[in-house]
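S.K.: Below is one structure. I have some questions about it.
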Amino acid sequence: MPISHEVGEAIVAYLRQARPITPHRELFLRWRPPFHPLRSSVTITTLVSKLLKRASVKVHRPGAHVLRHTLATAMARHGTPFKDIADILGHRSLVSTGVYAKLDLGSLAKVALPWPGGAP
C-alpha cells in the first residue's frame, strides 16, 4: 500500500529518533520494555481501541478492524475497483468486499436500473 509523504516522514523520524534499540526488524514494537514486536491481533486491537477512546473517536466496533473498514470505504468512495480493494484487504472472494459497495450509494445510483413499472 502506498503511503503519503507525511506518513513516510513520520516513520523515518520514528526510526531515527524514537524507536528503541532492539534486534527486532519489525517496525512497530511494544511501547514499554521489553521492546518486542506486536505479534497478536488482540494486542493491536486493544491498542487501537485505547487510542480511539483517548482521541474521543466513537465507532461502532472499536479496534483494528475499523482501520481496514475506513481504508476500504475511502477507496470505494474514490472509485477504486472492488477487485483492487479485495486484493489489498486479502479477501479471496469479491463477496467479502461487497459490504463496502452499499456504502457508496452515489456510485450505485449511477448504475442502478429503473424500478420495473416505475416509481411506486
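S.K.: Of the residues that sit in the stretch 44-100 and are basic (Lys, Arg) and part of a helix (DSSP H, G or I), which one is surrounded by the fewest Cβ atoms within 10 Å (Cβ to Cβ)?
M.R.: Only one residue fits best here, namely 54.
S.K.: Here are some residues: 56, 49, 41. Which one is within 20 Å of residue 96 (Cβ to Cβ) and of a type outside the set (A, V, I, L, M)? Spell out how you get there, then give the answer.
M.R.: Details: 56 fails: within 20 Å of residue 96 (Cβ to Cβ); 49 fails: within 20 Å of residue 96 (Cβ to Cβ).
Going through 56, 49, 41 in turn, just one is within 20 Å of residue 96 (Cβ to Cβ) and of a type outside the set (A, V, I, L, M): 41.
S.K.: Return the total of residues in the stretch 1-23 being part of a helix (DSSP H, G or I) and either surrounded by 10 or more Cβ atoms within 10 Å (Cβ to Cβ) or among the hydroxyl-bearing types (Ser, Thr, Tyr) (or both). Break it down stepwise before answering.
M.R.: Kept after step one, since they are part of a helix (DSSP H, G or I), are these residues of the stretch 1-23: 5-18.
Now restrict to residues that are either surrounded by 10 or more Cβ atoms within 10 Å (Cβ to Cβ) or among the hydroxyl-bearing types (Ser, Thr, Tyr) (or both): 7-15.
Count: 9.
S.K.: Another one. Could you check the stretch 24-41 and list, in sequence order, the residues that are surrounded by 12 or more Cβ atoms within 10 Å (Cβ to Cβ) and either within 25 Å of residue 74 (Cα to Cα) or in contact (Cβ under 8 Å) with a residue 24 or more places away in the chain (or both)?
M.R.: 28, the sole residue that qualifies.
S.K.: Going by the structure shown, is residue 49 at positive phi, at pLDDT 90 or above and polar (S, T, N, Q)?
M.R.: Answer is no for this residue.
S.K.: What is the number of the single condition among (1) at pLDDT below 90; (2) out of contact with any helix residue (DSSP H, G or I) (no Cβ under 8 Å at 6 or more places or on another chain); (3) not hydroxyl-bearing (Ser, Thr, Tyr); (4) not in a helix (DSSP H, G or I) that residue 26 does not meet?
M.R.: All conditions are met except number (1).
S.K.: Could you say which residue among 85, 44, 11 is farther than 30 Å from residue 110 by Cα, aliphatic (A, V, I, L, M) and modelled with pLDDT under 90?
M.R.: Step by step, each of 85, 44, 11 is checked, and only 44 is farther than 30 Å from residue 110 by Cα, aliphatic (A, V, I, L, M) and modelled with pLDDT under 90.
The values are calculated or read from the model by the stated rules, or taken from the named source; none is laboratory data. Here the structure is a predicted model, which means the values were calculated and not measured. Note: ideal-geometry Cβ built from the backbone for every residue, glycine included; neighbour counts use all protein chains shown.
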